[in-house]
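Read-outs: derived from the displayed coordinates by stated rules, not from any lab. As the structure is a prediction and not an experimental result, all values here were calculated from the model. With ideal geometry, Cβ positions are generated from the backbone for all residues, glycine too; neighbour counts draw on all protein chains shown.
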Amino acid sequence: MKTLALVAHPRISDSRLHRSWANALENTNTVTVRKLYHLYPYWKIDGTAEQALLQNHDRIILQFPFYLYGCPPLLKMWLDETLTFRWAYGPSGEALKGKQLLLAVSTGGPADSFQAGGYHNFTVEELLTPFHQIANLVGASYLKPYVFHRARTVTDQEIAESATSFVRYALDPNVPVQPVRGPGRR
Ligand SMILES: Cc1cc2nc3c(=O)[nH]c(=O)nc-3n(C[C@H](O)[C@H](O)[C@H](O)COP(=O)(O)O)c2cc1C
């Protein structure tokens, strides 16, 4: 299984967690790691090159900090300019059929803030629904996201442990696939 990680953190050098996750993936020497904010400082996404990379990998990881219930804007732009109509979806758009999509997300809020009545009111899974539907749309399997809470206040030891557990998860061929509509929904 060939794995590609798109890392989208606007200031990764200031992020202990995302730097550590990206380094840990790079150290495997088996995952292709692409730091979008370094690759595209002028936000000119090379959609053709990105599509070629996607076609050459089986598991696509989107790694990002949760920003107001979505991903940082360069990753949204990457999605819009890479997953194009007639290529990824729509008539004859089957380039990503059968691939796996795995999100690796950090949140500032603690786990219990992501529930009905909590500070964020919805579960992270619910808030990530647009990504789930993108996977459905392009015919990819949506894997259970790797979510790390309270990311701004963790200790160095917790960061090191999370990097180890994240890499294990990212390379695990048996990460559960989420049903097309997600658990508990009709
Ligand atoms: C613009 C912005 C929006 C954010 N929105 C949320 C949010 O909606 N929910 C949340 O739990 N954390 C939110 N955060 C916190 C980030 O998710 C948190 O800082 C990040 O996961 C930790 O990564 P870092 O310290 O490595 O940057 C936000 C941070 C920024 C800068």
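Count the lysine pairs in region 1-140 whose Cα atoms sit under 18 Å apart, keeping only pairs 8 or more residues apart in sequence or on different chains.
Working: Lys2/Lys35; Lys2/Lys97; Lys2/Lys99; Lys35/Lys44; Lys35/Lys76; Lys44/Lys76.
Here the count comes out as 6.
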| note | Protection proxy (average C-beta count within 10 Å per residue), highest first, orders 70-80, 169-179 as 70-80, 169-179
| request: Could you check which residue among Ala88, Ala163, Ala116 shows the biggest mean-square fluctuation in a GNM of the chain with a 10 Å Cα cutoff? | output: Ala116
| remark: Per-residue ellipticity at 222 nm attributable to helices in the chain (runs of n ≥ 4 DSSP H, -39500 (n - 2.57) apiece, nearest 500 deg cm²/dmol) works out to -10000 deg cm²/dmol
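Placing +1 at every Lys and Arg Cβ and -1 at every Asp and Glu Cβ, with all other atoms neutral, what dipole size does the chain have around its Cα centre, in debye to the nearest 20? Don't skip to the answer; put the middle values down first.
Values: 19 positive and 15 negative charges, 47 e Å.
The dipole magnitude comes to about 220 debye.
I need the calculated FRET efficiency for the pair Asp58 and Asn136, taking r as the beta carbon distance and R₀ as 22 Å, to the nearest 0.05.
Numbers: r = 18 Å, r/R0 = 0.81.
Given R0 = 22 Å and the Cβ-Cβ separation, E is 0.80.
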| field | GNM top mover of Phe64, Phe166, Phe122 - the chain, alpha-carbon springs below 10 Å | value | Phe122
| remark: Bridge orientation stat for the chain from DSSP, antiparallel percent rounded to 5, came to 10 percent
| task | Would you kindly state how much longer the chain becomes between Asp14 and Tyr37 on full extension, computed as 0.36 nm times their sequence separation minus their alpha carbon distance, in nm to one decimal? | result | 7.0 nm
| said: Mean-square fluctuation check for the chain, GNM, Cα pairs under 10 Å: which of Glu94, Glu161, Glu125 is largest? | reply: Glu161
| task | Obtain the nm distance between the two label points defined at Glu26 and Ala111 by a simple spin-label model: each point lies 7 Å from its Cα along the Cα-to-C-beta direction. | result | 3.0 nm
| field | Spin-label pair Glu94/Met1, simplified geometry with 7 Å Cα→Cβ offset, distance in nm | value | 2.3 nm
| request: Choose one of Ala52, Pro73, Val180: the residue whose Cα lies farthest towards the positive end of the charge dipole of the chain (beta-carbon charges +1 Lys, Arg; -1 Asp, Glu; about the Cα centre). | output: Val180
| remark: Placing +1 on each Lys and Arg Cβ and -1 on each Asp and Glu Cβ in the chain, then taking the dipole about the Cα centre, the residue among Leu25, Gly90, Thr153 whose Cα reaches farthest towards the positive end is Gly90
